[in-house]
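Student: Below is a structure I'd like to ask you about.
Laboratory data are not the source of any read-out in this text; all were calculated from the coordinates shown. Worth saying up front: this structure is predicted, and the values here are computed from it rather than measured. Note: ideal-geometry Cβ built from the backbone for every residue, glycine included; neighbour counts use all protein chains shown.
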Amino acid sequence: MKKILATILCIMIIPYLIVTLFIADDEVKFSFKKDQVIRVKQSSGNLISLPFEEYVTGVLSGEMPVSFSLEALKAQAVAARSYALVRISQNKNSEYDVVDTVMNQVYLDENALKQKWGTSYEANINKVKMAVVETKGQYLDYNGNVVEAFFFSTSTGKTENVEEVFSENLPYLRSVDSSFDKEVSPVFEDSVTYSFDDFCNSLNIAKTNPLQIEVLETTSTGRIKKIKINGQEFTGNEVANKLKLRSSYFSITQNETVIVISTKGYGHGVGMSQYGAEALAKKGYKYDQILKHYYTDVQIKKL
């Protein structure tokens, strides 16, 4: 009789264990703690507070193409989380922690993403959520401090030392190789054409023809820091902004009344290159390896 009961119990329990242990739930789910929130000032002027990981999801959706590899998306999630934590600490006495634009990080809410992705919304948001869930709470640490994890689209072949682009000097933001960007980025090299008049008007300079151009200072990787054009001095970033260039790595060529400006890279060049992260992911790098390539001597910790 005991053997019969034991057999019956085995027949009942074993299928339950198989279902419980080996069949995964397809739906990506979050579980938020109420005290983990961030205050976001939206472009509309609205001030919202939302769960921190929900914010990371919106940033990941706004800052990196959803077509990228999961490991690249995971690297971006950790970088975005780290950047936000620094802003929260710095702005704790302010009305809000971050804005939802490139001034901090682009954040897109559910409505914006449904409009952006249309019928692909469900598949795309689940992929993004997977990257967030698999790195939940993880951030970059350097000697006990949260890393200011700058990132940008595409390098010029190398990233920049932070002090050559911004005013601060951070030991984990050093120039590293990112030559593999060229393999995947559609904007690794670019060029724009201006008429002579439009060029001079955009920079508000004297119309001395031919142009008198003198590069005064560059970064260690070749980005222009200071340049003089027709007697007027600019920073490389000022020229890039006024002429709507992709980066401050540029050269100017004049052909009579036509000005051609060639650029390399897209963005400020400090921290993680997003297309570089995608190139490394395609080579088999995991997200932690990608992060430790771009951020020197950092550790990944969890909230």
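Student: For the ranges 244-254, 84-94, what's the packing order if you count other beta-carbon atoms within 10 Å of each residue, average per peptide, and put the highest first?
Tutor: 244-254, 84-94
Student: For the peptides 123-130, 289-296, what is the packing order when you average, over each peptide's residues, the other Cβ atoms within 10 Å and list the highest mean first?
Tutor: Working: 123-130: 17.2, 289-296: 22.0.
Sorting 123-130, 289-296 by mean packing, highest first, produces 289-296, 123-130.
Student: Once you order the gyration tensor axes a ≥ b ≥ c over the Cα atoms, which shape class does region 108-226 get: rounded for a/c under 1.5, otherwise prolate or oblate by comparing a/b with b/c?
Tutor: Note, shape of region 108-226 comes out oblate.
Student: Checking understanding here: applying a Kyte-Doolittle mean of at least 1.6 and a length along the axis of at least 18 Å (C-alpha), which whole DSSP H helices in the chain pass?
Tutor: Within the chain the helices that satisfy the rule are 2-22.
Student: Suppose each label sits 7 Å from its Cα in the direction of the beta carbon; what would the Ser120-Leu211 distance come out to in nanometres?
Tutor: Spacing of the two 7 Å Cα→Cβ label points: 3.7 nm.
Student: Multiplying the sequence separation of Val187 and Thr235 by 0.36 nm and subtracting their Cα-Cα distance, what value in nm do you get?
Tutor: Gain on stretching Val187 to Thr235: 15.1 nm.
Student: With each run of n ≥ 4 DSSP H residues scored as -39500 (n - 2.57), what mean residue ellipticity at 222 nm is computed for the chain after dividing by its residue count and rounding to the nearest 500 deg cm²/dmol? Please report the intermediate quantities before stating the final value.
Tutor: Working: 10 runs with 112 residues, N = 303.
Value at 222 nm, helices only: -11500 deg cm²/dmol.
Student: Could you give the C-alpha radius of gyration of region 189-264 expressed as a fraction of 2.2 N^0.38 Å, taking N as the number of residues it contains?
Tutor: Numbers: Rg = 11.3 Å, N = 76, 2.2 N^0.38 = 11.4 Å.
Computed over Cα atoms of region 189-264, the ratio equals 0.99.
Student: For Asn145 and Asp197 in one chain, what is 0.36 nm times their gap in residues minus the Cα-Cα distance, to one decimal in nm?
Tutor: Contour length minus the Cα-Cα distance gives 13.7 nm.
Student: For Ile88 and Ala112, calculate 0.36 nm times their separation in residues minus their Cα-Cα distance, and state this gained length in nm to one decimal.
Tutor: Extra length from Ile88 to Ala112 when fully extended: 6.3 nm.
Student: May I ask you to work out the translational diffusion coefficient for the chain at 4 °C, viscosity 1.567 mPa s, via Stokes-Einstein with Rh from the Kirkwood sum over Cα pairs, reported in whole µm²/s?
Tutor: 59
Student: Return the loop-located GluC sites (Glu not before Pro) in region 83-130 (DSSP other than H, G, I, E, B) with at most 15 other Cβ atoms within 10 Å of their own Cβ; answer none if there are none.
Tutor: Those satisfying the criteria are Glu95.
Student: Assuming R0 = 25 Å, what is the FRET efficiency of Val99 and Thr253, from their Cβ-Cβ distance, to the nearest 0.05?
Tutor: Once rounded, the FRET efficiency stands at 0.10.
Student: Thr193: net charge of surrounding residues, Cβ under 15 Å, Lys/Arg +1, Asp/Glu -1, itself excluded? Don't skip to the end; give the middle numbers.
Tutor: Working: positive: Lys244, Arg246; negative: Glu189, Asp190, Asp197, Asp198, Glu256.
That sum, taken over residues with Cβ under 15 Å, equals -3.
Student: Right, another one. How long are the semi-axes of the ellipsoid equivalent to region 118-158, from square roots of 5 times the Cα gyration tensor eigenvalues, in whole Å, largest first?
Tutor: For region 118-158, the ellipsoid semi-axes come out as 27, 19, 7 Å.
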